[in-house]
Amino acid sequence: MAHFLLRRLLLTIPVLLGVATLVFSLIHLVPGDPVQAMLGESASPQEVAEVSHRLGLDRPLYVQYWAFLKGAARGDLGVSLRTSEPVAQAIADRMPATFQLAIAAMVLAVVIAIPLGIIAAVGAGTGVDYAATTLALLGISMPNFWIGPLLAILFSVTLGWLPVSGSGTAAHLVLPAITLGAPLAAVLARMTRASVIEELRELYVLAARARPSA
């Protein structure tokens, strides 16, 4: 087990390096000047040059890339061009809300998926099974970037039942948790159905069903 975990941890190093390289490359391939966007159209060329020099954006790309990797290894992810605050601090400030949303989505997915999968497995081949399987298929097919705005339009804009943005109350978690939890619930429901159906075919289950009740 220790060898497996160590190997998996070591495999994350090239993955993280590849993701960092891809993101760094895409940022520099996007048209436009980030400093100009940060300062606005009214900024003079001298101001743009001064900020670019201060942020190190006037250096060659390989120098910027190496500096980024060294900083990331120390936990220094640089400064946000939009808010001028350290990126690591911005991430840390948002981690509690991220964990809260992840836990809410996971709980919602489990609460929906396990009963739905069990019901579908027990009634395999019936209308209930087909309905549960169809719901699971819809949940898998609908991407988050589509179901999120759809839920916001329906429950926030049209019906006015839930807030469309913000945080602080349980109501603010409902729509984001459903958006993240619905596809996960669909996958878990299908897995639960398959597992329960497989268990129901085991000999001990068949023997228990065949045994006459007292």
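The values are calculated or read from the model by the stated rules, or taken from the named source; none is laboratory data. Being a predicted model, the structure only gives us computed values, none of them experimental. Neighbour counts run over all protein chains shown; Cβ positions are idealised from the backbone, glycine included.
Structure summary
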read-out	value
Scope segment 108-122; condition exposed (fewer than 15 other Cβ atoms within 10 Å of the Cβ) and either aliphatic (A, V, I, L, M) or modelled with pLDDT under 85 (or both); matching residues	Val111, Val122
Leading residue by the ranking (farthest from His53 (Cα to Cα)) among those in segment 80-97 that are at pLDDT 75 or above and of a type in the set (A, V, I, L, M)	Ala97
Filter pass, Met38 being assigned by TED's automatic domain parsing to the domain that holds Ala177, aliphatic (A, V, I, L, M) and either under 30 Å from Ala185 (Cβ atoms) or surrounded by 10 or more Cβ atoms within 10 Å (Cβ to Cβ) (or both)	no
Yes/no for Thr98 being outside the structural domain of Gly56 (by TED's automatic domain parsing), part of a helix (DSSP H, G or I), polar (S, T, N, Q) and surrounded by 13 or more Cβ atoms within 10 Å (Cβ to Cβ)	no
Counted residues, segment 66-106 - those being closer than 23 Å to Leu175 by Cα and touching a residue at least 12 places away in the same chain (Cβ under 8 Å)	8
Residue list for segment 1-45, restricted to those being within 17 Å of Tyr65 (Cα to Cα), in a helix (DSSP H, G or I) and among the β-branched types (Val, Ile, Thr)	Ile13, Val15, Val19, Thr21, Val23, Ile27
Search result, residues across segment 81-95 that are of a type outside the set (Ser, Thr, Tyr) and assigned to a loop (DSSP other than H, G, I, E, B)	Leu81, Arg82, Glu85
Residues of segment 200-211 satisfying the condition of being surrounded by 10 or more Cβ atoms within 10 Å (Cβ to Cβ) and over 13 Å from Ala124 (Cα atoms)	Glu202, Val205, Leu206
Flag if Gly166 is closer than 20 Å to Ala104 by Cβ and in the same structural domain as Ala102 (by TED's automatic domain parsing)	yes
Qualifying position, being more than 17 Å from Ala104 (Cα to Cα) and of a type in the set (A, V, I, L, M), among Ile178, Ile153	Ile153
